[in-house]
Amino acid sequence: MEKEENNGEYIELAELDPDFKSEVMKHEDAKGLNACFACGTCTAGCPIHEIFPEYDPRKLAKMVKLGMREEVLTSPYIWYCTTCHNCEQHCPQNVKFFNILNVLKNMAAKKGYAPNAWVEQTKQIIKTGLVFTTDEALFKKRRSFSLPDLKLDGSKVKKIIKLTGIDKIKAQIKG
Amino acid sequence: MLPDKKKRIGVFFCHCGKNIAGGLNIEALIESSKQIQEVSYVVDNKFSCSEDGQVDIQKAIQEQKLDRIVVVACSPSLHLMTFQRCGEKAGIEPQFVDLIDIRKWTMHGSPQKIAPEKALEKSKKLIELAVKRMRLKRLIPMAEIKTEQSALVIGGGVAGLEAGLDLADKGYKVHIVERLPTIGGKMALLYKVFPTNDCAPCILAPKTAYANIHPNITLLTNSEVKSMGGYIGSFHVKIVQNPRYIEADKCTGCGECVEKCPVKVKDDVFSAGMGQRKAVYIPYDQAIPKKAVIDAQNCLYFRKGVCRLCEKQCPTNAINFGQKPKTVEIKVGAIIVATGFDEYNPTEKSEYGYGRYNNVITQFQLARLLDIDGPTKGQLLRPSDGKEPKRIVMIQCVGSRDVSTNPYCSNICCMYALKHAQIIKEMVLPEAEIYICFIDMRTVGKGFEEYYSRTREIGINFIRARPSEVIQDTETKDLSLKVEDPEIGRLLKLEAGLVVLSCATIPSSGTEQLSKTLGIKLDKDGFFKEMHPKLRPVETNVRGIYICGSDQGPKDIPNAIVQAKAAASCADTELRKNKIKLPQFIVNASKLKKGGR
């Protein structure tokens, strides 16, 4: 049979990756994905979906199930989650979408699809143990409001990063 | 004490096609079985339960002069009777036929499937033990029991009444026990019933009225089963009749006491919390028996020793504050359990706000509001301000298909949501917009799909999505919720005056206690467990006790009736024998541990 020309009118199932779902579901946290019956409770309660309709947990779950590896991992939207856990709190089938998203982010980061801002922040946390950088200007501003100085100490976080081996992941992150 | 005569035991192996032969070395089993003491004949068969298989067993019994047989095949609950009948035909006492199950270890898809070597080892052991049991077994004569020509029905809802009436019409004496002061159950409170929208109390009345006057039926309302003993044909049941504080034979149901009673309380049972009743009340107009009842928890006389207005008012002097619980003892041949269901209380699904927001109600409450003889006389007024809601949103699967509450589908919620949508649109508030948020629309049943089509045709809106939460406007008490409509892939914000939750169907309160009282099993969801989900749907683990209606699992009225008739038929099958034979057991008292175990 001659191959029909497809310019994005439809998704060619043969071109998708059926291993993608099982690869994601290998992770303990993502095991419940198959129970999803697409009721959309996750999307309805998602504060990010309200602002960015492109970020849609119900849709992402289906894309993983279909095996749309490239689309999912290169999608900027998987990085939009604010980790509020609303989706898994109200899910009637106990699908831990938040955890599934973490698995996807890890896979994407290893492929070098992590957004720059995220990569930079990760590097900074590993280096300083702090999420936000501070500078003298900030302290000055605080003093002008008579706020006490911040006691910033990232050493404990750095210790955790070292003990858990998180710093070794740095090498795997591309970007 | 060993039996003296040498036994001739036959062992028959069934291949069950490839189910057993595919996973076990039957040749090896035959060889090992031949070595067991007093086994004189061993043979295998492709299908022992087939006609050929049975003829072969019978031939072998006669030719080899076997007096006991062990069939090695599948589950005794499935086929023991088959082989006992087969053996009996060839002259072997049913007690000397045993069936042991080795198929569960080898069959594809069996949850107990194990490795072939393990299955072989276990099978050998099991066969050895079964043969030994047969070898040592003495003939114990069967006990002959006279069956009482009567039955007890627990639960006076539509299923219990149907089963009770069927048995009563067949000529048995039937006692119907109902916990509430009236029979009729949930159906009497549903206003209309799908898929024909006929009036529920009207189509129920022929049954309740007939039960009330049937010469073979005794109604025990306000009563509960306290204890049960005995066995099929002869169950002894103790029933506690709770006091009405009104002499039923004197009460004419005139309602004068109700009129004069100064205490008003929320009616949680017959109005589902949507209306009020007095401390002395008649449940509803079609209540049977139509007798008043005093609710001692709220009556001023019981609480503070004052009032007694009803007593002064009653024209027949029926009030009797001194009534005490009465125990009734009955002896029946069979018991039918039809204790029905309760609506799931959605308070724990706190995201939907039930219990916090007045305008979030359940479908059962909506049914009471829509009922023209209900607490609001059929006006749909929202609880917060008594105004008519302009937009109504129904949420399906609340507490159903939800692993954190009840994992099962409650079966009837899709249909009753459609029913209420139709009633509102066609009879109550034609201007109101109705939205139904669902996951899957399950309308399986005769005439049900047409009912769904009709609901769409009259303009009810359907959204295949579930909202995550309901939010209340603190000023207006209006509600808002968001759902993602998958057809357009966009988030919809729905503002509603009333939100109705289609809540799960759960076993009625007391089901667990009753299962202990009667010794019948519950399934994982708390409903009564049938003997076999397909082949023996109304029998229980206790012979002579049958289940029907929603206590066996969520179901609609047509299915409840079918089961009720099945349960009545099962009871009749046993009772009509007049005498039944039951196996007896000899207990070696010297080996009993302290406490009789």
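The values are calculated or read from the model by the stated rules, or taken from the named source; none is laboratory data. Just so we're clear, the structure is a prediction, and the values are computed from it rather than from any experiment. Cβ coordinates were reconstructed from backbone atoms using ideal geometry, including for glycine residues, and neighbour counts include every protein chain displayed.
No other residue among A:Leu101, A:Leu73, A:Leu16 is outside the structural domain of A:Lys168 (by TED's automatic domain parsing), buried (at least 16 other Cβ atoms within 10 Å of the Cβ) and under 26 Å from B:Ser404 (Cβ atoms) apart from A:Leu101.
Going by what's in this entry, would B:Leu501 be described as within 14 Å of chain A (Cβ to nearest Cβ) and over 36 Å from the mean Cα position of the chain (by Cα)? No; evaluated as a whole, the condition is false for this residue.
Scanning the range B:38-52 for residues that are over 13 Å from B:Val11 (Cα atoms) and either crowded, with 21+ Cβ neighbours inside 10 Å or among the charged types (D, E, K, R) (or both) turns up B:Lys46, B:Glu51, B:Asp52. Applying the condition of being within 20 Å of A:Val119 (Cα to Cα) and not in a helix (DSSP H, G or I) to the range A:145-175 and asking which residue is modelled with the lowest pLDDT yields A:Gly175.
Suppose the filter is at pLDDT 95 or above, more than 12 Å from chain A (Cβ to nearest Cβ) and in a loop (DSSP other than H, G, I, E, B); does B:Thr443 pass it? Step through it out loud before you land on a result.
Numbers: at pLDDT 95 or above: yes; more than 12 Å from chain A (Cβ to nearest Cβ): yes; in a loop (DSSP other than H, G, I, E, B): yes.
Yes; evaluated as a whole, the condition is true for this residue.
Give me the residue from the range A:40-52 that is facing chain B (nearest Cβ under 7 Å) and more than 11 Å from A:Tyr80 (Cβ to Cβ) and, out of that set, surrounded by the most Cβ atoms within 10 Å (Cβ to Cβ). Outline the logic, then answer.
First, the residues of the range A:40-52 that are facing chain B (nearest Cβ under 7 Å): A:40-41, A:43-45, A:49-50.
Going one step further and asking which of them are more than 11 Å from A:Tyr80 (Cβ to Cβ), we end up with A:40-41, A:43-45, A:50.
Working: A:Gly40: 26, A:Thr41: 32, A:Thr43: 30, A:Ala44: 27, A:Gly45: 26, A:Glu50: 15.
The extreme case among them is A:Thr41.
Test B:Ile586 against the criterion of being assigned to a loop (DSSP other than H, G, I, E, B) and out of contact with any His (no Cβ under 9 Å at 6 or more places or on another chain), and give yes or no. The answer is yes for B:Ile586.
If I filter the range B:524-558 down to residues being within 26 Å of B:Cys503 (Cα to Cα) and free of Cβ contacts under 8 Å to residues at least 12 places away in the same chain, which single residue comes out as surrounded by the most Cβ atoms within 10 Å (Cβ to Cβ)? The residue in question is B:Pro533. In the condition set (1) away from chain B (no Cβ under 11 Å); (2) crowded, with 20+ Cβ neighbours inside 10 Å, A:Lys123 is compliant with all but (2). Where helices (runs of 4 or more DSSP H) sit wholly within the range A:1-116, those with at least 2 residues that are touching a His at 6+ places or on another chain (Cβ under 6 Å) occupy A:41-44, A:97-111. Within the range B:477-491, the set of residues being surrounded by 13 or more Cβ atoms within 10 Å (Cβ to Cβ) and without any contact (Cβ under 8 Å) to a residue 12 or more places away in the chain comprises B:Gly489, B:Leu491.
The one condition from (1) at pLDDT 95 or above; (2) surrounded by fewer than 22 Cβ atoms within 10 Å (Cβ to Cβ) that B:Gly156 does not meet is (2).
Residues considered: B:Asp385, B:Asp373. Of these, the only one that is surrounded by fewer than 16 Cβ atoms within 10 Å (Cβ to Cβ) and touching an Asp or Glu at 6+ places or on another chain (Cβ under 8 Å) is B:Asp373.
Per the conditions (1) at pLDDT 95 or above; (2) within 30 Å of B:Arg543 (Cβ to Cβ); (3) surrounded by 13 or more Cβ atoms within 10 Å (Cβ to Cβ), the sole criterion not satisfied by B:Asp67 is (1).
Would you tally the residues in the range B:449-476 being within 18 Å of B:Leu418 (Cα to Cα), more than 14 Å from chain A (Cβ to nearest Cβ) and crowded, with 18+ Cβ neighbours inside 10 Å? Break it down into steps so the answer makes sense when it comes.
First, pick out the residues of the range B:449-476 that are within 18 Å of B:Leu418 (Cα to Cα): B:449-466.
Next cut, more than 14 Å from chain A (Cβ to nearest Cβ) only: B:449-461.
Okay, now just the ones that are also crowded, with 18+ Cβ neighbours inside 10 Å, so B:451-452, B:455, B:460.
Final tally of qualifying residues: 4.
Do we have B:Val403 as in a loop (DSSP other than H, G, I, E, B), out of contact with any His (no Cβ under 9 Å at 6 or more places or on another chain), within 14 Å of another protein chain (Cβ to nearest Cβ) and free of Cβ contacts under 8 Å to residues at least 24 places away in the same chain here? Judged against the criteria, B:Val403 is a match.
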